[in-house]
Amino acid sequence: MKASIFFVRTWRIMSILGLLFALFNSYISYPGEVVVRFDDSNQPLQTIDRETIFYIAVAIFLINNTMIRAISRLFLRLPTASIPVPNQAVWATHRSQLNEVFSNWFYALMAAINTVLALELIVLSLVNRSDRAIKAVDYAWLLPLSTAILVIVLVALPIRLFMKPGDDD
């Protein structure tokens, strides 16, 4: 097994376990009404019921994992000529590696979305704790980190497709 496949599969499994842990842990720690928006003086502006947040997160998790898995399986059925990849002639002779690259990328995308959702639930739990004051350091890292995770995964596919097949064997 290639290192990239092992990394992505491990990340996907860990992201699912981490999301489930964050989901149940944060649900237990949330108050009945979870504050999702604050004003400049840290006063609550908008709240959402904790059950609503729980079910929205579960729906995102199920839709993400189901849809991306289905798309990944449907990709394997596409004819090679209809896949818009650079170096079409080269990749056409290495269809199994192309399938592997796309499957790996779909799993990475799934893991990235799961990871970002888990991080959001953790931050929401930290912000709604009543035993400490709200500080920007509790949540300021979330947007740059989430953006970096998603950008890295989205950019990885074109970069890998511009490489020749068999380079990482």
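Computed values, structure above
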item	result
Subset of segment 60-78 that is over 17 Å from ALA112 (Cα atoms) and of a type in the set (D, E, K, R) - its residue that is least open to solvent (accessible area, probe 1.4 Å)	ARG73
Among residues of segment 79-88, those that are assigned to a helix (DSSP H, G or I) and either open to solvent by less than 80 Å² (accessible area, probe 1.4 Å) or touching a residue at least 60 places away in the same chain (Cβ under 8 Å) (or both), counted	3
Where a residue in segment 96-110 is more than 11 Å from LEU157 (Cα to Cα) and assigned to a helix (DSSP H, G or I) and its partner, wherever it lies, is open to solvent by 20 Å² or more (accessible area, probe 1.4 Å) and of a type in the set (Lys, Arg), with Cβ under 7 Å and at least six apart	TYR107/ARG9; TYR107/ARG12; MET110/ARG12
Qualifying position, being of a type outside the set (A, V, I, L, M), touching an Asp or Glu at 6+ places or on another chain (Cβ under 7 Å) and over 20 Å from MET163 (Cα atoms), among ASP39, ASP49	ASP49
Pairs where the first residue, in segment 30-55, is within 22 Å of LEU19 (Cβ to Cβ) and outside any strand (DSSP E or B) and the second is at pLDDT below 80 and open to solvent by 70 Å² or more (accessible area, probe 1.4 Å), C-beta under 8 Å, 6+ apart	PRO31/SER130
Lone unmet requirement of (1) touching a residue at least 12 places away in the same chain (Cβ under 8 Å); (2) within 13 Å of the chain's Cα centre (by Cα) for VAL151	(1)
Count of residues meeting criterion [surrounded by 11 or more Cβ atoms within 10 Å (Cβ to Cβ) and among the charged types (D, E, K, R)] in segment 20-52	4
Lone unmet requirement of (1) surrounded by 15 or more Cβ atoms within 10 Å (Cβ to Cβ); (2) free of Cβ contacts under 8 Å to residues at least 40 places away in the same chain; (3) assigned to a helix (DSSP H, G or I); (4) among the aliphatic types (A, V, I, L, M) for ILE16	(2)
Check on PHE106, closer than 30 Å to LEU17 by Cβ and surrounded by 16 or more Cβ atoms within 10 Å (Cβ to Cβ)	yes
Yes/no for ARG73 being on the phi < 0 side of the Ramachandran plot, of a type in the set (Lys, Arg) and part of a loop (DSSP other than H, G, I, E, B)	no
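For every residue, the table says whether it meets (1) hydroxyl-bearing (Ser, Thr, Tyr); (2) within 28 Å of ILE63 (Cβ to Cβ).
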residue	(1), (2)
LEU78	no, yes
ALA81	no, no
ALA92	no, no
SER103	yes, yes
PHE106	no, yes
ALA111	no, yes
ASN114	no, yes
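The values are calculated or read from the model by the stated rules, or taken from the named source; none is laboratory data. Since the model is a prediction, treat every value here as computed from it, not as a measurement. Please note: Cβ atoms are built from the backbone with ideal geometry, for glycine as well, and neighbour counts cover all protein chains shown. Each accessible area value is taken on the protein alone, full model and side chains, heavy atoms only, with ligands, DNA and RNA left out. Shrake-Rupley method; radii C 1.70, N 1.55, O 1.52, S 1.80 Å.
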